[in-house]
Amino acid sequence: MQAATTIYIREDLKNKLQELKRHPKESYNDVIERLVSLSIDSEPLNDDAIQGLEEAISDIKQRRLHSEEEIMAEFGVK
């Protein structure tokens, strides 16, 4: 068994952790572990993905945008 420690958590944060419990008896440790595992990206972006994001940012900065209506019309969505 791993050693345990005590940490200080503000009351408002404790309340948020309480709301994130999947069931009433889930421990705060389990909630925090789940949140930490969600925050770690096990598959970093590859070069193609990074290039695509850079192009998208450039398009946004240069105002090359399409409205929701234009996109829906292009794909035949009503």
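Of Thr5, Met72, Leu45, which is farthest on the positive side of the dipole of the chain, counting Cα position, with +1 on Lys and Arg Cβ, -1 on Asp and Glu Cβ, and the Cα centre as origin?
Thr5
Please enumerate, by chain and number, the lysines with C-alpha under 26 Å from the C-alpha of Lys61, excluding those fewer than 8 residues away in the same chain.
Within the straight-line limit of under 26 Å, Lys61 reaches no lysines at all.
If each residue's Cβ is checked for other Cβ atoms within 10 Å, how do Lys61, Lys21, Lys14, Lys78 rank with the fewest at the top?
Sorted ascending by nearby Cβ count, the order is Lys78, Lys61, Lys14, Lys21.
Straight-line reach only, C-alpha to C-alpha below 20 angstrom: list the aspartates and glutamates that Lys78 could link to, leaving out same-chain residues fewer than 8 apart.
Glu68, Glu69, Glu70
How big is the dipole moment of the chain about its Cα centre under a simple scheme where the beta carbon of each Lys and Arg is +1, that of each Asp and Glu is -1, and everything else is neutral? Debye, nearest 20, please.
Computed about the Cα centre, the dipole is about 620 debye.
How much net charge surrounds Leu53 when only other residues with a Cβ under 13 Å from its Cβ are counted (Lys, Arg +1; Asp, Glu -1)?
-4
Please identify the chymotrypsin sites (Phe, Trp or Tyr not before Pro) of the chain that satisfy two criteria: DSSP loop assignment and at most 12 other Cβ atoms within 10 Å. Which are they?
Within the chain, the qualifying chymotrypsin sites (Phe, Trp or Tyr not before Pro) (loop, at most 12 other Cβ atoms within 10 Å) are Tyr8, Phe75.
Give the cross-link partners of Lys14 among the aspartates and glutamates, using a straight C-alpha distance below 16 Å as the criterion and excluding same-chain residues fewer than 8 apart.
Result set, ordered by chain and number: Glu26, Asp30, Glu33.
Which of these values of P(r) over Cα pairs in 5 Å bins from 0, in percent was calculated from the structure shown: (1) 3, 15, 27, 28, 16, 8, 3, 0; (2) 3, 10, 11, 12, 11, 8, 9, 13, 13, 6, 3, 1; (3) 3, 16, 27, 23, 13, 8, 5, 3, 1, 1, 0, 0?
Recomputing P(r) over Cα pairs in 5 Å bins from 0, in percent here picks out (2).
Taken together, the values in this text are just the output of simple stated rules run on the coordinates, not laboratory data. All values derive from a computational prediction rather than experimental measurement. Counting neighbours? That spans all protein chains shown, and the Cβs are built from the backbone with ideal geometry, glycine included.
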